[in-house]
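To start, the structure under review is shown below, and the notes come after it.
The values are calculated or read from the model by the stated rules, or taken from the named source; none is laboratory data. The shown structure was predicted, so the numbers you read here are calculated from the model rather than taken from an experiment. Because the Cβ atoms are built from the backbone with ideal geometry, glycine has one as well, and the counts that use them run over all protein chains shown.
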Amino acid sequence: MDHLRTATGAAVRAACRAGEFAGPTPGLAASFVQANLVVLPKDWAFDFLLFCQRNPKPCPLLDVTDPGDPEPKAIAPGADLRTDLPAYRVWRHGELVEEPADVTAHWRDDLVSFLIGCSFTFETALQNAGVPVRHIEEGRNVPMYRTSVRCQPAGRFAGPLVVSMRPLTPGHAVKATQICSRMPRAHGSPVHLGDPAGIGIADLDRPHYGDPATVRPGEVPVFWACGVTPQAALAEARPPFAITHKPGHMFLTDLRDHHLDGE
């Protein structure tokens, strides 16, 4: 699926809808904004909206749909959130029960969808500036870790901050911070550099989600807030039903990364 690296967000969505692509999305549709997905019953939606408002670093909102409407009209008119992601997760009472490629059979009229910014969005800008992105180089999903840092609770939602990691030299880390700080709706600047134990990560080679990435001599791990954070909160809040993306398998929007630059 190398052609999807230079495709549009709409082309990636079409490939997902047709069942032609089911893999992780780092490096796909270069310069198009990627998004995390959380879908909840309407009676849980306000609490989650408040959770996002209180935790904008891991949960920067891009769009919220009307109940029952699978079309994210603000960021991808004509898209269908039931079919247009490469892989989903279905949750019942906080337990992961299924990872389907299509959630049409699970859809309900009371479901509200939240689209949350993703750090994959700024990776094209990093590469264009000469900053390496190791998991793309290695053809892997980004490593993601649950930390000991707690999010601000909101209503029924609380949980640990989840982070993604990219190994960089100190010089590249400075450049990456300058670039990413201009994109707060793609998680913005890093939340931690250096010793993983400082945020409660015991082993970089054993991420909670995604794949490990090689840290080379002279590099330090650099951590960004991650949109998988809501999935950790779902496990604690235990709503009766929820749908999310499978970590690393994002929704491709029609927004371009420059739309988020300088916000």
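Computed quantities for the displayed model
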read-out	value
Scan of region 135-150 for residues that are at pLDDT 95 or above, surrounded by fewer than 23 Cβ atoms within 10 Å (Cβ to Cβ) and either of a type in the set (A, V, I, L, M, F, W, C) or touching a Lys or Arg at 6+ places or on another chain (Cβ under 8 Å) (or both), ordered by number	V149
All positions within region 10-60 that are of a type in the set (S, T, N, Q) and surrounded by 19 or more Cβ atoms within 10 Å (Cβ to Cβ)	T25, Q34, N36, N55
Strands (runs of 3 or more DSSP E) within region 35-102 that include 2 or more residues acidic (D, E) and under 26 Å from A158 (Cβ atoms)	95-98
Odd one out for A105 among (1) farther than 29 Å from A7 by Cβ; (2) without any contact (Cβ under 8 Å) to a residue 60 or more places away in the chain; (3) among the small types (G, A, S)	(1)
Residues that are farther than 17 Å from V133 by Cβ and in a strand (DSSP E or B), drawn from region 150-197	R150, A154, F157, P160, L161, V162, H192
In region 208-263, the residues that are on the phi > 0 side of the Ramachandran plot and either among the charged types (D, E, K, R) or in contact with a Phe, Trp or Tyr (Cβ under 8 Å, 6 or more places away or on another chain) (or both)	R238, G248
Tabulated pairs, region 34-57, first in contact (Cβ under 8 Å) with a residue 24 or more places away in the chain, second assigned to a helix (DSSP H, G or I) and aliphatic (A, V, I, L, M), C-beta under 7 angstrom, 6+ apart or interchain	F51/A233
Test result for A235, under 19 Å from the mean Cα position of the chain (by Cα), closer than 17 Å to F48 by Cα and either crowded, with 22+ Cβ neighbours inside 10 Å or of a type in the set (G, A, S) (or both)	yes
Members of region 238-250 found to be farther than 13 Å from V39 by Cα and touching a helix residue (DSSP H, G or I) at 6+ places or on another chain (Cβ under 8 Å), listed by number	P247, M250
Residues being at pLDDT below 95 and of a type in the set (K, R) - total across region 238-258	1
Exclusive hit being at pLDDT 95 or above and assigned to a helix (DSSP H, G or I), set A105, A125	A105
